[in-house]
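Structure first, commentary second.
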Amino acid sequence: MSEKKIIFSGIQPTGTFTLGNYIGAVRNWAKLQEEYNCIYSIVDMHAITVRQDPVKLRQHSLEAYALIMACGIDPEKSVAFIQSHAPTHAMLNWILACSTQFGELSRMTQFKDKAAKHSDDVNAGLFTYPVLMAADILGYNADLVPVGVDQKQHLELARNVAQRFNQKYGEFFTVPDAYIPEVGAKVMSLQEPTKKMSKSDANPNACIFILDDKDTIIRKFRRAVTDSDSEIVFKEGKDGINNLITIYSAVTGKSFEETEKEFAGKGYGDFKTAVGEAVSDHLAPVREKFAQLMSDKAYLKDCYTKGAEKAMRISGKVVSKAYRKVGFVDSH
Ligand code: TRP
């Protein structure tokens, strides 16, 4: 038995990832594989809480799977799978729903935001979304969950649900903690650098997709909004430049000071081009690996079916025990 702690994280298959998803999340997932037992899921069941085009969802799920592999997730080292392939998540979801209060779900800010945004389809799945997320995590007795700030409240709910279940039925679930990476870089919009970089931004120049080609990446960086000053320093009030310095240091490994020195006396134009080139060079192997994986569907399928088998083996045991705990009759 290994002593390594268990990490679980999920990402929704809604189009290609942004540079923000990559630097802020998926790249770190790859690094965690050495130190932890990692379980990573493409959460297609979460995705259908808002309306999806089925053809696109299927394509996006495959692409997301190939993308996490292209970003360094090794399906031999980690458990990497597509959520809907492991029906244990839906099974545990029901059990946990019965230990979740209507009131606490009503307080979820993401639900309120999404309900306002999709007011014509405030479905029950959107409301109980955090319960499924709790099932994802608790089904593997994960110790740690790397999440961004927007998911903190959901993780807190998962902890409360685990504790409530444990109180009702006796100690069973591990109460998960948030995993806060040592260096967590937050990538902001290139057009409005006070806002987080988002794939749903109406302005196509605001966001870098990790599969963008070199010319596109450089063009978007050259159009990045900065300030009327001319110094390349990390300083309050220089949101645009701060964001570019953050990105540059995230992809080159250079510190902010080194970056400031490197570009002392140079103009914003030169700096923007340099950032674009550094990002493009950094992402080139990801683009290549992704293309290679997408051209070998049989291999990709082999990876995700084996991943789902491993996921089922782990979470299947947890679900069986939970069934017993709540008083269901053994089926075999
Ligand atoms: N809700 C998360 C998001 O939108 C995705 C997710 C689903 C997740 N299940 C998870 C993240 C479990 C961490 C752990 O970003």
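The values are calculated or read from the model by the stated rules, or taken from the named source; none is laboratory data. Please read these numbers as outputs of a predicted model, since none were measured by experiment. Note: accessible area is taken over every heavy atom of the protein model, side chains too, but ligands, DNA and RNA are not part of it. Shrake-Rupley method; radii C 1.70, N 1.55, O 1.52, S 1.80 Å.
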How large, in percent, is the carbon and sulfur part of the accessible surface of the chain at a probe radius of 1.4 Å? 52
Hey, if we sort 65, 179 by accessible area with the 1.4 Å probe, largest down, what's the order? 179, 65
Only helices counted: for the chain, with every DSSP H run of 4 or more residues adding -39500 (n - 2.57) and the sum spread over all residues, [θ] at 222 nm is -16500 deg cm²/dmol
Which percent of Cα-Cα pairs in the range 1-152 sits in each 10 Å bin, short to long? 10, 38, 38, 12, 1
How much of the DSSP bridge set in the chain is antiparallel, in percent, rounded to the nearest 5? 10
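From the C-alpha gyration tensor of the chain, pull out the three semi-axes of the equivalent ellipsoid (sqrt of 5λ each), sorted largest to smallest, in whole Å.
Values for the chain, descending: 38, 21, 19 Å.
Can you pull the Kirkwood radius for the range 175-332, inverse mean 1/r over Cα pairs, to one decimal in Å?
It is 19.0 Å.
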If ligands, DNA and RNA are left out, what is the accessible area of residue 297 with a 1.4 Å probe, given in Å² to the nearest 10? 100
Heavy-atom accessible area ranking, 1.4 Å probe, most first, across 255, 249: 255, 249
For 38, 98, the accessible-area ranking with a 1.4 Å probe, largest leading, is 98, 38
Additional length obtainable on full extension of the chain from residue 262 to residue 152, 0.36 nm per residue less Cα span: 35.9 nm
Pick out which of 212, 270, 74 has the largest mean-square fluctuation in a Gaussian network model of the chain, springs linking Cα atoms closer than 10 Å. 270
For the range 209-301, what is the accessible area per residue in Å² when the probe is 1.4 Å? 51
Computed over the range 11-161, protein heavy atoms only, probe 1.4 angstrom, the accessible area per residue in square angstrom equals 40
Just from the alpha-carbon atoms, what are the Rg and Dmax of the range 204-257 in angstroms? 11.8, 32
Space enclosed by the convex hull of the alpha-carbon atoms of the range 18-86, per residue, Å³: 95
